[in-house]
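Just so it is clear, none of the values below were taken in a lab; they were calculated from the coordinates. Everything numeric here is computed off the predicted structure, so don't read it as measured data. Neighbour counts are summed over all protein chains in view; Cβ atoms, including those assigned to glycine, are modelled from backbone coordinates with ideal geometry.
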Amino acid sequence: MRMASSNPILVTTSHGAKQEIRNKAKHYASEHGLQYISRRKIGDLNTLSSKNCIYVFSQEKILSIVHKGGELFFHPSVAKIRMLNICKGQPDHLIDSLSLNRDSNVLDTTLGLGTEALLIAAFAQKGSVTALEQSEHISEVVRFGLREYRFRERWMADAASRIEVVNRSFKDYLQETPEKSFDVVYCDPMFERPKAKSSSINALRPFASHELPSENDIVQMIRVAARRVVFKVRKTDRLFHSLLSLGFSTRERSSSDILFLVAEST
Ligand SMILES: C[S@@+](CC[C@H](N)C(=O)[O-])C[C@H]1O[C@@H](n2cnc3c(N)ncnc32)[C@H](O)[C@@H]1O
């Protein structure tokens, strides 16, 4: 049986889920060799989640993972508001650092909850985003979310449809990717010193990979990017200093301890 954080995975639905949702959950369980349990047979989800990781299918959250550390589900989050602000002429440090064209094809090496992938796809209206995620659980939640979330705006739905989620580590993926395959490569690894206040990242923390990119990974990113590589880093992390020594720099004049560092490809 597939496991998450050493806990067995069970599949169920929300209370009173429609037949269509129940069928989807059963189908998912049988396709992945997981145990399906009718929600009526589950008393308290929180009690069950102390020993299990529960995949819950529902109309509202599509696929959420309930586990003893909390609940993980997809939400477009701040992607929409950030895009609307950009349209009003406000700066966005990520978009400014990426220096995208409308048709850029971008490799997001660290999908996470997909917020930034969604913003990038919304900005590069004719482009595409290939988004890598090492955690099988995070990629499943976000892949379902991007595919089935009922976006109110057509441009958000269109952006989501141009993101391809790939459940792989950038460490392997980059080795197999020919040089200059993407216009821009973006990397936002987990911070070495977590920001306690970041509640959205807290939800994915139990499943996320905390491994840092090695110097070779960074060199590979520069090789597969035709134009530039952008990293989001915290000044207090060791990665910040490694990137500076590899020629990354920033034009940001911000007092924040989180920065976007850029290296142009040659
Ligand atoms: C800080 S989060 C990214 C947040 C993302 N930018 C967003 O907008 O939601 C980092 C993510 O990268 C993933 N990750 C870490 N190492 C990875 C690797 N080697 N390959 C692919 N994904 C990785 C983690 O599992 C985590 O989900």
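What the table shows:
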read-out: Taking Met221, Met156 and counting other C-beta atoms within 10 Å, the order from fewest to most; value: Met156, Met221
read-out: Extreme residue, positive dipole direction of the chain, given options Cys187, Val11, Pro91 (C-beta unit charges); value: Val11
read-out: Rg and Dmax [Cα atoms of the chain; Å; Rg one decimal, Dmax integer]; value: 19.2, 60
read-out: Protection proxy ranking of 67-75, 136-144 - average other beta-carbon atoms within 10 Å, highest first; value: 136-144, 67-75
read-out: Euclidean distance between Cα centres, region 176-217 to region 89-109, Å; value: 17
read-out: Rounded FRET efficiency, nearest 0.05, which uses the C-beta distance separating Asn7 from His32 and R0 of 22 Å; value: 0.90
read-out: Cβ-derived FRET efficiency at R0 22 Å, Asn202 paired with Ser99, nearest 0.05; value: 0.10
read-out: Helix-only CD estimate at 222 nm, as mean residue ellipticity for the chain, using -39500 (n - 2.57) per DSSP H run (n ≥ 4); value: -9500 deg cm²/dmol
read-out: Two-decimal Rg to Rh for region 81-239 - Kirkwood Rh, Cα set; value: 0.94
read-out: Förster radius 22 Å - calculated FRET efficiency between Glu20 and Asp158, Cβ distance, rounded to 0.05; value: 0.35
read-out: Stokes-Einstein D in µm²/s, Kirkwood radius over Cα pairs - region 107-196 at 37 °C with 0.692 mPa s viscosity; value: 241
read-out: Antiparallel DSSP beta bridges within the chain, as percent of all bridges there, nearest 5; value: 45
read-out: Label-point separation, Glu264 to Lys126 (7 Å along Cα→Cβ), nm; value: 2.5
read-out: Evaluated at q = 0.15, 0.18, 0.22, 0.23 Å⁻¹: base-10 log I(q)/I(0), Debye formula over Cα of region 161-266; value: -0.69, -0.98, -1.34, -1.40
read-out: Alpha-carbon radius of gyration plus Dmax, which is the widest Cα pair, for region 68-143 in Å; value: 13.2, 42
